[in-house]
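Presented below is the structure to which this report refers.
The values are calculated or read from the model by the stated rules, or taken from the named source; none is laboratory data. All figures in this text were calculated on a predicted structure; none of them were measured in a lab. With ideal geometry, Cβ positions are generated from the backbone for all residues, glycine too; neighbour counts draw on all protein chains shown.
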Amino acid sequence: MKKVLIVFCLLLLLACRAGDKNSIEYEKMPMDELITLAEDGNAEAQVQLAERFYNDENIEKDYDEAIKWYRLATEQGNSDGQYGLGRMYYHGYAVEQDYSEALKWFRKAARQGNAVTQCNLALMYYDGDGVEQNFAEAEKWFRKAAEQGNAAAQHGLALMYDEGQGVTQNYAEAVNLYRKAASQGFAAAQNNLGLMYYRGQGVKQNYTEATKFLRRSAEQGEAVAQNNLALMYDHGEGVVKNTKEAIKLYRKAAEQGNAVAQYKLAIKYYTGEGVVKNIEQAYFWTLLAAANADSENIDSFKLKRDEYEKELSVAQRTNMQKQAAQWMKEHDSE
């Protein structure tokens, strides 16, 4: 079973500021009123206006306008504006991509206590993304954001305790932090908490609890959790063995590009367990699994792909290869 690793903390200020009364007020405000307030120098309105130009489905995306309003907000020291401006430099939207400039603005916002920026700054240090990898700095900023209740940061800090990265490995503390994030509905943390129960790390082993949290994560569309829950049904751990339910979940995860689920689905088609035996479909899914596999699984997935390939005609192989290539093209564009 797999953990969900660090995920980008929060891409939109609107999402991370949910529940803030001022944010909700500006979010619902008509565009003309928001523009008037922004032009009058209201920093919160300027940030909200920038957010709308950045990623509002109801208006045409305009990064030049977004960065203009972020800059105006930063001139007043607004931390959300600083975060937004840093994000523009991070992605290279309306400006040349510049990680050092992004880092500068993220640090400014983080030092003001902006939890979302603290979390994203931690992630940059964790991944070595634009900066030299530094687990100590990652832990520091994850902790600051986690203490403010940021679920993504709680998950990030939990993973560091889980893996012993930058801190002494401590499964009990990892469970504590995963639970805090999971209680906020954070899907990655729900999956990882489920795995802690499954393995008995930091808690007493409990397959029923494992299933509960994996299901919560899977229902939010988390592909890793869907695959993990499928394994529970496949093996009858914590639930009554149900091959059809396992296949249903494998398929959901496989359609999202999860290589392990693609491999498992391929085996089901090859053996005919729970589905009509279909070697062409088995080959199709091993093509995808081998293409998406990590270093741990790639050799075994390729071996299985080559094994199935030998049982097909040239025409069958060519057809499945075309279908797999088309699948990957379509899913890469999503």
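If I go through region 164-197 residue by residue, how many of them are surrounded by fewer than 23 Cβ atoms within 10 Å (Cβ to Cβ) and more than 18 Å from the chain's Cα centre (by Cα)?
Total satisfying the criteria: 12.
Being among the aliphatic types (A, V, I, L, M) and surrounded by 24 or more Cβ atoms within 10 Å (Cβ to Cβ) is the filter here; which residues of region 125-150 pass it?
Listed by number, the residues that qualify are Ala138, Ala145, Ala146.
What are the residues in region 138-158 that are farther than 25 Å from Ala223 by Cβ and either of a type in the set (Phe, Trp, Tyr) or part of a loop (DSSP other than H, G, I, E, B) (or both), if any?
Trp141, Glu147, Gln148, Gly149
Could we say that Arg87 is farther than 29 Å from Val175 by Cα, under 20 Å from the mean Cα position of the chain (by Cα) and part of a helix (DSSP H, G or I) here?
Here the answer is yes, as Arg87 does meet what is asked.
Among the listed residues Val314, Val260, which satisfies the condition of being touching a residue at least 60 places away in the same chain (Cβ under 8 Å) and either among the hydrophobic types (A, V, I, L, M, F, W, C) or surrounded by fewer than 18 Cβ atoms within 10 Å (Cβ to Cβ) (or both)?
Details: Val314 fails: touching a residue at least 60 places away in the same chain (Cβ under 8 Å).
On inspection, the qualifying residue turns out to be Val260.
What's the total number of residues in region 18-57 that are among the small types (Gly, Ala, Ser), in a helix (DSSP H, G or I) and either closer than 20 Å to Tyr90 by Cα or at pLDDT 90 or above (or both)? Spell out the reasoning first.
Within region 18-57, the subset among the small types (Gly, Ala, Ser) is 18-19, 23, 38, 41, 43, 45, 50.
Adding the requirement that they be in a helix (DSSP H, G or I) leaves 23, 38, 43, 45, 50.
Then drop every residue that is not either closer than 20 Å to Tyr90 by Cα or at pLDDT 90 or above (or both), which leaves 38, 43, 45, 50.
Residues in region 18-57 being among the small types (Gly, Ala, Ser), in a helix (DSSP H, G or I) and either closer than 20 Å to Tyr90 by Cα or at pLDDT 90 or above (or both): 4 in total.
Identify, from the list Tyr70, Tyr89, the residue that is touching an Asp or Glu at 6+ places or on another chain (Cβ under 6 Å) and either in the same structural domain as Asn150 (by TED's automatic domain parsing) or surrounded by 15 or more Cβ atoms within 10 Å (Cβ to Cβ) (or both). Step through it out loud before you land on a result.
Values: Tyr70 fails: touching an Asp or Glu at 6+ places or on another chain (Cβ under 6 Å).
None of the other options fit; the residue is Tyr89.
Can we say Gly84 is in contact (Cβ under 8 Å) with a residue 40 or more places away in the chain, farther than 28 Å from Arg216 by Cβ, surrounded by fewer than 20 Cβ atoms within 10 Å (Cβ to Cβ) and in contact with a helix residue (DSSP H, G or I) (Cβ under 6 Å, 6 or more places away or on another chain)?
On the way: in contact (Cβ under 8 Å) with a residue 40 or more places away in the chain: yes; farther than 28 Å from Arg216 by Cβ: yes; surrounded by fewer than 20 Cβ atoms within 10 Å (Cβ to Cβ): no; in contact with a helix residue (DSSP H, G or I) (Cβ under 6 Å, 6 or more places away or on another chain): yes.
Considered against the rule, which asks whether it is in contact (Cβ under 8 Å) with a residue 40 or more places away in the chain, farther than 28 Å from Arg216 by Cβ, surrounded by fewer than 20 Cβ atoms within 10 Å (Cβ to Cβ) and in contact with a helix residue (DSSP H, G or I) (Cβ under 6 Å, 6 or more places away or on another chain), Gly84 comes out as no.
Give Gly236, Gly272, Gly221 a once-over and let me know the one that is out of contact with any helix residue (DSSP H, G or I) (no Cβ under 8 Å at 6 or more places or on another chain), modelled with pLDDT of 95 or more and more than 22 Å from Phe301 (Cα to Cα). Give the derivation first.
On the way: Gly272 fails: more than 22 Å from Phe301 (Cα to Cα); Gly221 fails: out of contact with any helix residue (DSSP H, G or I) (no Cβ under 8 Å at 6 or more places or on another chain).
Unique residue meeting the criteria: Gly236.
Only one residue in Tyr83, Tyr90, Tyr126 is out of contact with any Gly (no Cβ under 9 Å at 6 or more places or on another chain), at pLDDT below 95 and not basic (Lys, Arg). Which one?
Being out of contact with any Gly (no Cβ under 9 Å at 6 or more places or on another chain), at pLDDT below 95 and not basic (Lys, Arg) holds for just one of Tyr83, Tyr90, Tyr126, which is Tyr83.
Tell me which of these Trp141 doesn't satisfy, since it passes every other one: (1) modelled with pLDDT under 95; (2) in the same structural domain as Leu193 (by TED's automatic domain parsing).
Here Trp141 clears every test but (1).
Restricting to region 159-203, give me the number of residues that are in a helix (DSSP H, G or I) and either touching a residue at least 12 places away in the same chain (Cβ under 8 Å) or not small (Gly, Ala, Ser) (or both).
Here is the first cut: in region 159-203, the residues in a helix (DSSP H, G or I) are 159-163, 171-183, 187-199.
Checking the rest, the ones that are also either touching a residue at least 12 places away in the same chain (Cβ under 8 Å) or not small (Gly, Ala, Ser) (or both) come to 159-163, 171-182, 187-199.
Number of matching residues: 30.
Any residue at all in region 223-237 that is in a loop (DSSP other than H, G, I, E, B) and more than 23 Å from His331 (Cα to Cα)?
So the first thing to find is which residues in region 223-237 are in a loop (DSSP other than H, G, I, E, B), and the list is 236-237.
When the remaining residues are screened for being more than 23 Å from His331 (Cα to Cα), the result is 236-237.
Yes, region 223-237 contains at least one residue that is in a loop (DSSP other than H, G, I, E, B) and more than 23 Å from His331 (Cα to Cα).
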